[in-house]
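Participant: The structure under discussion is supplied below as structure tokens; questions concerning it will follow.
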Amino acid sequence: MRRFLTVLLLAASPLSFASVAAAESETTAPRLLEVPRLDFTKRVLANGATLYAIRDTGTATVSINIWYDVGQRDDPPGRGGFAHLFEHLMFKTTRNLPGGVLEAVNAMGGNSNASTLFDYTDYYITAPANQLEGMLWLEGERMRNLVIDEKSFHSERDVVKEELRQRILSKPYGRILYMLLPAFTFDGHPYARPIGGTIADLDQAKLADVQAFHEAYYRPDNAVFVVSGNFDPAKLDVWADRYLGSIPRPDRAIPRDPAKGRPVVARTIDAYAPNVPLPAVAFAWRAPFAADADAAGIDLIEAVLTRGAASRLRRYLVDEKGVASEITSYNLPARDGHAFALVVTLAEGREIADADAALGAEIARLRDTPLAAEELDAVKNGLFGDALARRETARGRAYELGGGAALTSDPGLADARLDAIRRMTPAAVQRVAKKWLDDGKRVTLRYRDESQRPPGYAGDASPDVSKMGPTIPPASQPPVAIASEGAREARPEPAEAVPSALPTLAERRLTNGLRVVVAQSSKVPLASVRLVIDGGDAADPAGQAGRGDIAAALALKGAGGRSAERIASEIAALGGTIGAGSDADATVFSVNAPTANIEAAARILADVATRPDFAADALDGVRSQQLSAIAVATKQPMQTALRALPAALFGKAPYGAVPTATSLGAVTQDDVAAAQRETWIPNAATLIVTGALTPDAAFALAERSFGSWKAGKAPTATPRGTVSTSPHVVAVDMPGVAQAAVIVALPTAGRRDADWPSLRIANAALGGGFQGWLTQEIRVKRGLTYGAGSLLDSRRDAAYLMAVTQTKTASANEVVGLILDQIGRFGREPVDAGRAGERATYLANGLSGQNERAAGLADYLVTLISSGAALDTLAAERSPLAPSPERIAAAIEAHLRADQATIVVAGDSKQWVGALRERFPTLELVDIDGKSLP
């Protein structure tokens, strides 16, 4: 799938689920899936901290997850976004960690992140299991010894402001979730405040406010800890008491805002925002409290309406009626029930009234007509399959448990919710729909581009929420300072390492030439299958960029005697997911399912790939959906920059083409059939099977599913493109957008080159995670971005390194210079053995974490197969051993040269293009369609 183009793989059919099941079902409906319950222990420490533990000796990692009972609802008056700001500050320096929390996490070979929701802020660290004592020490350290000073406060406040610009203000539909739904779905409740706060409120914040906030809420009796993974329970108890239980419990009460708000009556809001390519309509209702039994019914209703291609809204609004290009739902966890919202982005040329009527009709049908039993069971299995996938890893199980404990004090909430879903009958779902999705309680948003706002209209202005929130007393304790070097407490040393087992890889060829790669990787009863067919985007004929995307999407519209609806509904009933798309070098078909149902899921996948119908009446719908996706992409700076990059790098070679309205319009049904006939053949394909299946079982599955696929003449190999080594600067003008995207790309060597291991280390040093130079220089030191990083894109015929970030418009030129300076830093500051070893461990542990999931391992193997890399690359890239500093330096000198950079900047150019042109006189200024501008 193209990184910059989301291909909407939506199924279509006007037939009801019941009629399809009665007329076309070949087999008995699958049984409802069983989801193993969470097995845990619980302790309450002496200071009131709650500790849950989930032991899994089959993994080499451990995860610590912490929920603090403080969220957006606890932001003080006039300080919207404070809980979110403090989430960021919790990663800064402490008394004994002058380099900050994330430096310590990286030194342990771990990864960490956090998020803030309405009622809580959650943090996690996942690291090798032998680091558990150090991880517990670290969590105690940042609870009791966090350094909150002007430097940290100001830098992270700037970062949070950039996050708001990136996630909300620069995205066409960002304001719907973050601003409009809270403002108009709630009245008098703290949830009415904008999610993430506002830039104005953040600018008013003072250091003393932050210090008071930390003291009020970051205390042991306000925390829930979940340790999940491979650990010794006795040692865990000792260390938890030592590092967490010893923190004093304050005697002051925790400030709370008890407001529950008032019911909201039906109302319709016309809202406007900049750079909205297609109008949208949203329906929203107040959702049940998290502990309410009806919350399970809302989960089911959301799945009926929006989960996958079989969902009602996708089938009816997108495919049958053609009024929508995208369907989005919001059903976020909240103690007091947040908004349950359905957002319909219109298709090109359709009117809001059409979408409003169609959406309203589907909600009325849900209230008025009970679900067919077959549809309900299929939706249940889809949710049970999702739950199995969430519980595949130690961290996933921790999140399932801790979320319930934080919201309702019930660690079994997730299990109870699944039990309630299992018990739900059609009549029960109908009752929930009637109670909660009442038109008399519905908030309707009609969302359009700012250019359509009537003169003087202000009906979408948010209500005044400045007085909401609890009053927080000033801090009573003196601020913490970084200890002198001799006075610092050292982090505990790691224990003996727990071996990390590589997946067992095996390979065969079927008699038709199909290569089969099997990786038994887990005991969790899940399996993933990927079919990788060589060609992909690079096989699109000149003038038909996007043909492969259309062919892949059309294959899901009907195959092997199954309609689009039947494909989607059968996969859902199996508890699985199915997808198809075109990447730079391959067309990829995918299915994920519980192992009990993988046989049936693989048969469906085989029909989609080998016997697609390519129905003529579905082509226009697929094309329309992809055009809508392009329209949305070209209103977002990063997506626009990514669309401009291929031509800048590869020129007119196959790798340089991107789909446009013209190229998609040129693709006919015959062209799609030709793509399948000429390139979708077993002797040019690889089947990947990962998860719990043994190699013998997986090979047998491949033979039964794909053994009858007839071989064909392999396409003639043609060059797909080489990366330009001439410097090139492209500026894309996007008037009125809130941020600028910056990409700097360099030609480099790919996975099959001997320098690849050294280049991975160099890339990780430059832009890998929080300790990458780009993040440190652009985010940490200057607060110019929410995130900055780099990646290596290795293709069959080319490879490049790409450094990326997004920043406020006025900083675009400065950020270009910072990225180039960090690339040049390799010459001033070679990667030494210590840095190389740390970066190698970071990469190995990150890949190990991805490989814990069957789907994650399958997707990784797809990258190896599509780029032509050997399978033993997995072992090499999982190794924590680094090349020598001399090898790394030589690879950097040979391949990473700033004087060969291709630079793309996309944003409101009037604020930065002049200065950028002074530095790069040959700069090319274009519009979003690539047309030259003066």
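Participant: Kindly indicate the residue of region 538-549 that is surrounded by 23 or more Cβ atoms within 10 Å (Cβ to Cβ) and more than 15 Å from E678 (Cβ to Cβ) and also nearest to the chain's Cα centre (by Cα) among those meeting that condition.
Facilitator: D549
Participant: Check off (1) closer than 30 Å to D74 by Cα; (2) open to solvent by 10 Å² or more (accessible area, probe 1.4 Å) for I298 and give me the number that stays unchecked.
Facilitator: (2)
Participant: Hey, can you tell me all the residues within region 384-404 that are surrounded by 24 or more Cβ atoms within 10 Å (Cβ to Cβ) and hydrophobic (A, V, I, L, M, F, W, C)?
Facilitator: If the condition is that a residue be surrounded by 24 or more Cβ atoms within 10 Å (Cβ to Cβ) and hydrophobic (A, V, I, L, M, F, W, C), then A394, A398, L401 are the ones that fit.
Participant: Do you know which residues across region 345-372 are assigned to a helix (DSSP H, G or I) and touching a helix residue (DSSP H, G or I) at 6+ places or on another chain (Cβ under 9 Å)?
Facilitator: Once the filter is applied, which keeps residues that are assigned to a helix (DSSP H, G or I) and touching a helix residue (DSSP H, G or I) at 6+ places or on another chain (Cβ under 9 Å), region 345-372 yields A355, A358, L359, G360, A361, E362, I363, A364, R365, L366, R367, D368.
Participant: Condition first: charged (D, E, K, R) and under 31 Å from the mean Cα position of the chain (by Cα). Now tell me which residues in region 878-934 satisfy that.
Facilitator: R878, D908, D927, D929
Participant: Something else: Given the structure, is A240 modelled with pLDDT of 95 or more, in the same structural domain as S325 (by the TED database) and surrounded by 20 or more Cβ atoms within 10 Å (Cβ to Cβ)?
Facilitator: No.
Participant: Being more than 19 Å from A296 (Cβ to Cβ) and not charged (D, E, K, R) is the filter; apply it to region 430-446 and report the residue that is surrounded by the fewest Cβ atoms within 10 Å (Cβ to Cβ).
Facilitator: Among them, the one singled out is G440.
Participant: Does P747 satisfy the condition of being open to solvent by 40 Å² or more (accessible area, probe 1.4 Å) and in contact with a helix residue (DSSP H, G or I) (Cβ under 8 Å, 6 or more places away or on another chain)?
Facilitator: no
Participant: What residue, of A810, A762, is touching a residue at least 60 places away in the same chain (Cβ under 8 Å), within 29 Å of A538 (Cβ to Cβ) and either in a helix (DSSP H, G or I) or not β-branched (V, I, T) (or both)?
Facilitator: A762
Participant: Do we have L346 as under 28 Å from A183 (Cβ atoms) and either within 21 Å of the chain's Cα centre (by Cα) or surrounded by fewer than 21 Cβ atoms within 10 Å (Cβ to Cβ) (or both) here?
Facilitator: no
Participant: Pairs under 6 Å by beta carbon, first residue charged (D, E, K, R) in region 643-659, partner in a loop (DSSP other than H, G, I, E, B), six or more apart or different chains?
Facilitator: What qualifies is R643/F4; R643/V658.
Participant: Same structure again: Which residues, taken from region 95-113, are open to solvent by 20 Å² or more (accessible area, probe 1.4 Å) and among the small types (G, A, S)?
Facilitator: Result: G99, A107, S112.
Participant: Could you identify the single residue in T686, T660 that is closer than 24 Å to D607 by Cα and β-branched (V, I, T)?
Facilitator: None of the others qualify; the one that does is T686.
Participant: Mind counting the residues in region 670-722 that are within 29 Å of Q850 (Cβ to Cβ) and either modelled with pLDDT under 95 or open to solvent by less than 80 Å² (accessible area, probe 1.4 Å) (or both)?
Facilitator: Residues meeting the conditions: 25.
The values are calculated or read from the model by the stated rules, or taken from the named source; none is laboratory data. Because the structure is predicted, anything quoted here is derived from the model rather than measured. In this analysis, Cβ positions are derived from the backbone assuming ideal geometry, glycine residues included, and neighbour counts consider all displayed protein chains. Heavy atoms of the whole protein, side chains included, go into the accessibility calculation; ligands, DNA and RNA do not. Shrake-Rupley method; radii C 1.70, N 1.55, O 1.52, S 1.80 Å.
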